[in-house]
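Computed from the coordinates by the stated procedures, all read-outs in this text should not be read as laboratory data. Since the structure is predicted, the reported quantities are computational estimates derived from the model, not experimental observations. Positions of Cβ are backbone-derived with ideal geometry, glycine not excepted, and every protein chain shown enters the neighbour counts.
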Amino acid sequence: MKKAATQATLWSIPIQTVVTTLAVWCACTYATVGESASGTAKEAEASGKIPVILDTDIGDDIDDTWALAMLLKSPEVDIKLVVGDQGKSLYRARLIAKFLETAGRTDVPVGIGLDPKSGDGPQSDWVKGYDLESYPGKVHQDGVKAIIDTIMKSPRPVTLIAIGPVPNVAAALRREPRISKRARFVGMHGSVRLGYGGSKKVSAEYNVRADAKSCQKVFTAPWDITITPLDTCGLVHLRGEKYKAVRDSKDPVAAALIENYRIWSKNKKQAESRSSTLFDTVAVYLAFSEKLLLMEKLGIRVTDDGYTVIDPAAKTMSVATSWKDMAAFEDLLVRRVTGPTAKP
Ligand SMILES: [Ca+2]
């Protein structure tokens, strides 16, 4: 714990310098884009879309599949890459690729995360017989390199959305520390004042606890960090008419999502009446808006056993600590998931 606090203190010294550097870099980048941009950059600027990378442990909890569906339906973002994280990398890459293909978005590259071991999980029946080599788009064998290259080559700052443990992101920072000056980090991580299920007892939240060392690396890097801890993301479910609207939607992405949920769910009855907790969808929302949430600037320190502790000496980040309007978020989620897939 002491070590983490020391690291945070060390980082706190150059933060002003980093902020200034980032501001100058952004200004320069936008000037370059405005003056002599390529067609692609010009289009991106004209559309105003936010370049994003999704780093996901899709294939364990089902909420990542909901998050990917929401991301694909969000016109505010330009999806540059989706990478599987935290082991089982081929299983995760196949899930991502088949889901993107279902959405008609094979323009989106897929990255294979670290530790390319075999192994599968509760959605493996959905990708049974699916060959990753048949994916018409780009598949990066080295997902960490793909994260680095995507960020370093982007003419605009990239938003890196992480919705699982973060070994890929920590490895990317070790290989190329400059990514922290060209990207901002948005994560579903931690438990600040509430634990699982709205409990008053904080938890060592899974995405942090599963690889606390990597989370410490990511949470002390000199980039802009925004997180949704359990305090907000741990409260989101769809029930009643809201859930039925997704369950009965004829949209191919919504249908694939529900098919995955039925395969994943141990409680078949539940899959017909309500969603599980949809933690990761809130991180997707924070990539393009904060309107429905109360955001606080807090110093957050990650302990070795996976807790996220408020510590004024630690790096300050934007933390979604409570909802202004969770019902409006649920309505938006339903509209997005059942609505049209966003165009590239
Ligand atoms: Ca996840």
Just need a number here: residues in the stretch 279-308 that are part of a strand (DSSP E or B) and either among the polar types (S, T, N, Q) or out of contact with any Phe, Trp or Tyr (no Cβ under 9 Å at 6 or more places or on another chain) (or both). 6
Does Thr338 qualify as being closer than 27 Å to Val192 by Cα and buried (at least 18 other Cβ atoms within 10 Å of the Cβ)? no
Mind checking which residues of the stretch 108-148 are hydroxyl-bearing (Ser, Thr, Tyr) and touching a residue at least 12 places away in the same chain (Cβ under 8 Å)? Ser118, Ser124, Tyr130, Tyr135
Out of the stretch 57-69, which residues are within 13 Å of the ligand (Cβ to nearest atom) and not in a loop (DSSP other than H, G, I, E, B)? Asp63, Asp64, Thr65, Trp66, Ala67, Leu68
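Only one residue in Arg184, Arg193, Arg178 is of a type in the set (Lys, Arg) and either crowded, with 17+ Cβ neighbours inside 10 Å or assigned to a strand (DSSP E or B) (or both), so which one is that?
Arg184
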Some residue of the stretch 309-327 being over 30 Å from Lys213 (Cα atoms), surrounded by 15 or more Cβ atoms within 10 Å (Cβ to Cβ) and out of contact with any Phe, Trp or Tyr (no Cβ under 6 Å at 6 or more places or on another chain): yes
If you scan the stretch 321-330, which residues turn out to be over 20 Å from Leu68 (Cβ atoms) and touching a residue at least 24 places away in the same chain (Cβ under 8 Å)? Thr321, Ser322, Trp323, Lys324, Asp325, Met326, Ala328
All but one of (1) surrounded by 21 or more Cβ atoms within 10 Å (Cβ to Cβ); (2) over 17 Å from Ala255 (Cα atoms); (3) touching a strand residue (DSSP E or B) at 6+ places or on another chain (Cβ under 8 Å); (4) not β-branched (Val, Ile, Thr) hold for Arg94, so report the exception by its number. (3)
